[in-house]
Amino acid sequence: MDLPVTKQRPSQPATRSNPALRGEAFAANCAICVRNLNHTFGEGELKKQVLFNNELTLARGEIVIMTGPSGSGKTTLLTLLGALRTVQDGSITIMGRELRGLSAQQLGDVRRDIGFIFQAHNLFTSLTAHQNVRMALELKETDVKEMNRRAEAMLEAVGLGHRIHYKPQQLSGGQRQRVAIARALVHNPKVILADEPTAALDKQSGRDVVNLLRKFARENLTTILLVTHDNRILDVADRIVNMVDGRIISDVMISESQAICEFLRRVPLFSGLLPDTLTKVADQMELVECKAGDVVFRQGDVGDNFYLIRSGEAEVVLEKSTGNETVAVLDEGKFFGEMALETGEPRKATVRAKTDLHLCALDKTEYESVRQTSATFKEEIGKVLFERQR
């Protein structure tokens, strides 16, 4: 259903929410909070900025995957979050503690609450699996028997109870990674930072690793940020964050993205899209919140947005010289304005929030950005439009 437009702007326009402020709603449950973060390397003429005004919030117990091309700044951000680098500009808060301005000793205290998992394992080759894992406890514990018990129990939990006295060179790549994970988890960290933890693993080993991390996160309310190029494990995440050229360009709730995709499949304009292209469209959509009585757009307005109702009701009003007529009431899952993305034609009716309303919006610029990044988009949309015009 293609809708509304007027020659005057709405008196109470719908406001688009800022995804970067998503974390404000659960600030009390926040494990990681990044605000206006910038970072540079080098000095003078060699100075180069690598992170630009990044915003990110992670709740306790949340699993977030960060993707992006090599050199986009993912590892730099990870090392800043892990208190392995000094915050230069902006703010990073870990479990309520601001990192900027902390001394080297204070940063060391923060690191004790963080578990690190590296792609290269970083195990001590001269030590056994048990000794490598126990090292993580020596920063906090003094009871040798308790440390030995916990190290052995954690190796049992990762399936290496029969390999506790083996040294790294006696273990397979997957087993070494399990030792690294056991070392990261054994001291019950509040935050786990993992850099390509499955890159060197086969499909099954990689799946075992992420399942273990998910179980630990759920049972201990541990927050996990996982940098990866491995698209086999994306389903483990609550959210996927994408970084390009030092900037976080998208932050998508997995369950929300899936729900939006399901709704989009019902829209004639998008019903013929391939799953990958459909996901790209869903990722570009932003939340618009309206109060009851707010005008989304008026009859005669330029058609440059498509809307999908996530919750609430909207009424469609046809404005006539003889008076206004409500011609439809739309609720969850209904949509309007899709053809405006292609034609830009004026709206044919006014849409107003009948109740408090949450919309997912896709404007023409975002629509065009998907068109530019998808090699098959134009062909797919062309087929859909051709079928509609027959």
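The values are calculated or read from the model by the stated rules, or taken from the named source; none is laboratory data. Remember, predicted model here, so these are calculated numbers, not experimental data. Reconstructed Cβ throughout: ideal geometry from the backbone, glycine too, with neighbour counts over all protein chains shown.
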Practice prompt. Can you run down the residue pairs with Cβ atoms below 8 Å, 6 or more apart or on separate chains, where the first is in region 336-356 and assigned by TED's automatic domain parsing to the domain that holds residue 295 and the partner is in a loop (DSSP other than H, G, I, E, B) and among the aromatic types (Phe, Trp, Tyr)?
Written response: 338/270
Worksheet item: Which condition breaks for residue 249 when tested against (1) part of a strand (DSSP E or B); (2) surrounded by 16 or more Cβ atoms within 10 Å (Cβ to Cβ); (3) within 17 Å of the chain's Cα centre (by Cα)?
Response: (2)
Worksheet item: Looking only at region 74-92, which residues are over 17 Å from the mean Cα position of the chain (by Cα) and more than 15 Å from residue 55 (Cβ to Cβ)?
Response: 76, 79, 82, 83, 84, 85, 86, 88
Discussion item. What pairs come out if I take residues in region 62-76 that are part of a loop (DSSP other than H, G, I, E, B) and pair them with residues that are crowded, with 21+ Cβ neighbours inside 10 Å and modelled with pLDDT of 90 or more whose C-beta lies under 7 Å away, six or more apart or interchain?
Written reply: 62/223; 68/74; 68/243; 72/243; 72/246; 73/51; 73/243; 73/246
Discussion item. On the basis of being at pLDDT 85 or above, within 17 Å of residue 310 (Cβ to Cβ), more than 31 Å from the chain's Cα centre (by Cα) and not polar (S, T, N, Q), does residue 354 make the cut?
Written reply: yes
Worksheet item: Looking at residue 232, is it in a helix (DSSP H, G or I) and more than 30 Å from residue 361 (Cα to Cα)?
Response: no
Worksheet item: Of the residues 364, 320, which is surrounded by fewer than 19 Cβ atoms within 10 Å (Cβ to Cβ) and without any contact (Cβ under 8 Å) to a residue 60 or more places away in the chain?
Response: 320
Discussion item. Kindly evaluate residue 29 against the criterion of being under 30 Å from residue 301 (Cα atoms), at pLDDT below 90, out of contact with any Pro (no Cβ under 9 Å at 6 or more places or on another chain) and not aromatic (Phe, Trp, Tyr).
Written reply: no
Worksheet item: Just a yes or no: is a residue in region 179-199 within 15 Å of residue 121 (Cα to Cα), out of contact with any Asp or Glu (no Cβ under 8 Å at 6 or more places or on another chain) and either part of a loop (DSSP other than H, G, I, E, B) or modelled with pLDDT under 85 (or both)?
Response: yes
Practice prompt. Might you check whether a residue that is surrounded by 14 or more Cβ atoms within 10 Å (Cβ to Cβ), modelled with pLDDT of 90 or more and part of a helix (DSSP H, G or I) occurs anywhere in region 160-175?
Written response: yes
Discussion item. Take residue 208 and tell me if it is out of contact with any strand residue (DSSP E or B) (no Cβ under 8 Å at 6 or more places or on another chain) and surrounded by fewer than 21 Cβ atoms within 10 Å (Cβ to Cβ).
Written reply: yes
